[in-house]
Amino acid sequence: MEKLKTGDPAPAFSAKDQYGNTISLESLKGKHIILYFYPKDNTPGCTAEACSLRDGRQELEQMGFTIIGVSPDSEKSHQGFTNKHNLNFTLLSDPDKAIAIAYGVWGEKKFMGKTHMGILRTTFIIDGEGKIEKIFDKVDTKKHFEQIVDSYK
């Protein structure tokens with residue numbers, strides 16, 4: 001699959017959030033979306049990234065953004081992650097990795113000399129028309145909210 005780039009139409013998706021609600025790209029039409037992919041709930045880097053976005057949510061919303069996180073974890077896992085860290089945004093469950101594959105973020109990773117398949121931490125900014133406006137493939141997990149804000153200055 002060809003790698004997505006700025007200006008491309010965002011691939012359509014539909015998935016359950018941490019509360020069992022179905023969220024689709026179509027249902028978000030007209031909204032400016034931060035769609036961020038992360039490997040796993042309650043791991044150090046993923047928690048840092050989620051907490052950065054949680055802490056910056058008010059400023060991001062003032063800029064017109066809606067935050068949506070995506071990982072292969074279950075709705076129940078997302079619920080626990082949300083409750084444990086007081087997350088104030090939507091997390092989508094992608095257990096079959098269909099959304100990750102559509103966005104090209106399911107791929108080969110190396111860890112401690114071993115290669116395995118996993119989520120390539122990436123954030124897509126999608127405009128109200130459903131086009132990809134920006135892509136962050138080098139995510140600073142501790143300062144991701146600032147990274148996004150700074151890219152619009």
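The values are calculated or read from the model by the stated rules, or taken from the named source; none is laboratory data. This structure is a prediction, so every number in the text was calculated from the model and none was measured. When we count neighbours, we look across all protein chains shown, and the Cβ atoms used for this are built from the backbone with ideal geometry, even at glycine.
Sub-9 Å Cβ pairs linking a first residue in the stretch 24-39 that is assigned to a helix (DSSP H, G or I) to a second residue that is of a type in the set (Val, Ile, Thr), at least 6 apart or interchain, are 28/66; 28/68; 28/126, ordered by first then second residue. Taken over the stretch 1-23, the residue count meeting the criterion of being outside any loop (DSSP other than H, G, I, E, B), of a type outside the set (D, E, K, R) and over 19 Å from residue 133 (Cβ atoms) is 4. Of the residues screened, residue 114 is one that is charged (D, E, K, R), free of Cβ contacts under 8 Å to residues at least 40 places away in the same chain and exposed (fewer than 14 other Cβ atoms within 10 Å of the Cβ).
Against the test of being hydroxyl-bearing (Ser, Thr, Tyr) and in contact with a His (Cβ under 9 Å, 6 or more places away or on another chain), the options 123, 115 yield a single qualifying residue, 123. Within the stretch 54-69, residues that are of a type in the set (A, V, I, L, M) have Cβ atoms under 6 Å from residues that are part of a helix (DSSP H, G or I) and modelled with pLDDT of 95 or more in these pairs: 67/53, counting only partners at least 6 apart in sequence or on another chain.
In summary, residue 59 fulfils each of the numbered conditions (1) buried (at least 20 other Cβ atoms within 10 Å of the Cβ); (2) over 22 Å from residue 117 (Cβ atoms); (3) in contact with a helix residue (DSSP H, G or I) (Cβ under 7 Å, 6 or more places away or on another chain) with the single exception of condition (1).
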